[in-house]
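Note sheet for the following structure.
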Amino acid sequence: MNNEIQNFKVLSIRINTDYETAFKYLTDNSKLPEWTNQFVEVDGNKAKFDTFNGIIDVEFETISSVESGTIDWKLTLPDGSIGFAYSRLTRNIEGVIYAFNFIIPFMDAEELEKAVAKQIDNIHNELSKLKKALEN
């Protein structure tokens, strides 16, 4: 078994709601501050984004396909660099399954391990908030 620290993780959750409701909610940019911890404030395609080391202004685009269930976000950071967040919504016998794939840029192994652990906790929290929003 390889003990190498991975810079990515896919986390998922089952949500008791219909596909159309979930897809509409996930692609509504104004809803991002309700269930994400990093989109603090959204105005059109601009957002206050919490990096966990401070809040920055970003521009973003939601790229989605109702047919394939993909919901991705392209973020343009103040320095011009681009980042992506990838997710997928699938139909399930009961409700839907929402999967979020995060990728952290490579860094020192110790920093990477801490960053991945912090992001896993963050995304578990976000997925719980998403489930609660869609099931109520």
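The values are calculated or read from the model by the stated rules, or taken from the named source; none is laboratory data. Since this is a predicted model, take the numbers as computed values, not measurements. Here the Cβ positions follow ideal geometry from the backbone for every residue, glycine too, while neighbour counts run over all protein chains shown.
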request  = Mind listing whichever residues of the stretch 42-53 are closer than 16 Å to residue 64 by Cβ and either touching a Gly at 6+ places or on another chain (Cβ under 9 Å) or in a strand (DSSP E or B) (or both)?
outcome  = 42
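Rundown of residues vs (1) part of a strand (DSSP E or B); (2) over 30 Å from residue 18 (Cβ atoms); (3) of a type in the set (Phe, Trp, Tyr); (4) touching a Lys or Arg at 6+ places or on another chain (Cβ under 8 Å), yes/no style:
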| site | (1), (2), (3), (4) |
| --- | --- |
| 40 | yes, no, no, yes |
| 71 | yes, no, no, yes |
| 79 | no, yes, no, no |
| 93 | no, no, no, no |
message = Here are the criteria: (1) within 25 Å of residue 80 (Cα to Cα); (2) in contact with a helix residue (DSSP H, G or I) (Cβ under 8 Å, 6 or more places away or on another chain); (3) surrounded by 15 or more Cβ atoms within 10 Å (Cβ to Cβ); (4) touching a residue at least 24 places away in the same chain (Cβ under 8 Å). Tell me which single one residue 27 does not satisfy.
response = (2)
inquiry  = Cβ-Cβ under 9 Å, sequence separation 6+ or interchain: first residue in the stretch 78-90 and in contact (Cβ under 8 Å) with a residue 40 or more places away in the chain, partner of a type in the set (Asp, Glu) and assigned to a strand (DSSP E or B). Which pairs?
reply    = 87/72
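Kindly indicate whether any position in the stretch 18-36 is in a loop (DSSP other than H, G, I, E, B) and within 15 Å of residue 122 (Cα to Cα).
Taking the stretch 18-36 first, the residues in a loop (DSSP other than H, G, I, E, B) are 18, 28, 36.
Retained after the next criterion (residues that are within 15 Å of residue 122 (Cα to Cα)): 36.
There is at least one residue in the stretch 18-36 that is in a loop (DSSP other than H, G, I, E, B) and within 15 Å of residue 122 (Cα to Cα).
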key: Cβ pairs under 9 Å, 6+ apart, first in the stretch 121-136 and crowded, with 17+ Cβ neighbours inside 10 Å and modelled with pLDDT of 95 or more, second in a helix (DSSP H, G or I) and hydroxyl-bearing (Ser, Thr, Tyr)   = 130/25; 134/21; 134/25
Given (1) surrounded by 13 or more Cβ atoms within 10 Å (Cβ to Cβ); (2) β-branched (Val, Ile, Thr); (3) under 21 Å from residue 118 (Cβ atoms), number of the condition residue 62 does not satisfy = (3)
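For the condition among the β-branched types (Val, Ile, Thr) and in contact with a Ser or Thr (Cβ under 7 Å, 6 or more places away or on another chain), what is the one hit in 17, 27, 90, 36? I'd like the intermediate steps shown before the answer.
On the way: 17 fails: in contact with a Ser or Thr (Cβ under 7 Å, 6 or more places away or on another chain); 90 fails: in contact with a Ser or Thr (Cβ under 7 Å, 6 or more places away or on another chain); 36 fails: in contact with a Ser or Thr (Cβ under 7 Å, 6 or more places away or on another chain).
So the residue among 17, 27, 90, 36 that is among the β-branched types (Val, Ile, Thr) and in contact with a Ser or Thr (Cβ under 7 Å, 6 or more places away or on another chain) is 27.
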request  = Filter the stretch 30-50 down to residues that are free of Cβ contacts under 8 Å to residues at least 40 places away in the same chain and surrounded by fewer than 17 Cβ atoms within 10 Å (Cβ to Cβ), then give me how many there are.
outcome  = 10
